[in-house]
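The values are calculated or read from the model by the stated rules, or taken from the named source; none is laboratory data. Every value quoted in this text rests on a predicted model; they were computed, and no experiment measured them. Please note: Cβ atoms are built from the backbone with ideal geometry, for glycine as well, and neighbour counts cover all protein chains shown.
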Amino acid sequence: MDSETWKADLNGCKGNRLKLREQVEDIRLKLVGLKETSIRKLFGKPDSEELLERSQKIYIYYISPGPKCTPATENSAKKEALAVRMDALGTVREVNIFNE
């Protein structure tokens, strides 16, 4: 996967992440079991982060332009995103592509 192109397209605003979607889908299941540092090296800083109970967290990377890219009137459209769920030890437990 072209990690540099992904990282350069913050929140998916430039549309470059949409071109990489198929590659992400191909490696998605291989990410399970990796550590948080590996995810950050591959995808960069998350566009959004959710903290869950028991120190679990979810990193969200927008594939289609995220809510920070468009005017408020366009925010109602569904946003496609990659969610990486990690346990308290920083190990990836689940990776999904979803529509927000």
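Taking residues in region 71-100 that are more than 28 Å from residue 36 (Cβ to Cβ), and partners anywhere that are modelled with pLDDT of 70 or more, the pairs with Cβ atoms closer than 6 Å and at least 6 places apart or on different chains are 75/67.
Per the listing 11, 96, the residue uniquely of a type in the set (S, T, N, Q), within 10 Å of the chain's Cα centre (by Cα) and part of a helix (DSSP H, G or I) is 11. Among the residues of region 7-62, those identified as surrounded by fewer than 13 Cβ atoms within 10 Å (Cβ to Cβ) and either of a type in the set (A, V, I, L, M, F, W, C) or touching a His at 6+ places or on another chain (Cβ under 9 Å) (or both) are 8, 27, 29, 51, 52.
Okay, residues lined up against (1) assigned to a strand (DSSP E or B); (2) modelled with pLDDT of 90 or more:
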position: 46; (1), (2): no, yes
position: 58; (1), (2): yes, yes
position: 67; (1), (2): no, no
position: 76; (1), (2): no, no
position: 89; (1), (2): no, yes
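On the stretch given as region 28-56, residues that are within 16 Å of residue 98 (Cβ to Cβ) and of a type in the set (D, E, K, R) total 4.
In the set (1) among the aliphatic types (A, V, I, L, M); (2) surrounded by fewer than 17 Cβ atoms within 10 Å (Cβ to Cβ); (3) within 21 Å of residue 99 (Cβ to Cβ), residue 88 fails one condition alone, (3). Can you say whether residue 22 is out of contact with any Pro (no Cβ under 7 Å at 6 or more places or on another chain), of a type in the set (Asp, Glu) and without any contact (Cβ under 8 Å) to a residue 40 or more places away in the chain, as far as the supplied structure shows? Against the criterion (out of contact with any Pro (no Cβ under 7 Å at 6 or more places or on another chain), of a type in the set (Asp, Glu) and without any contact (Cβ under 8 Å) to a residue 40 or more places away in the chain), residue 22 qualifies.
Per this entry, residue 66 is counted among residues that are touching a Gly at 6+ places or on another chain (Cβ under 8 Å) and closer than 20 Å to residue 96 by Cβ.
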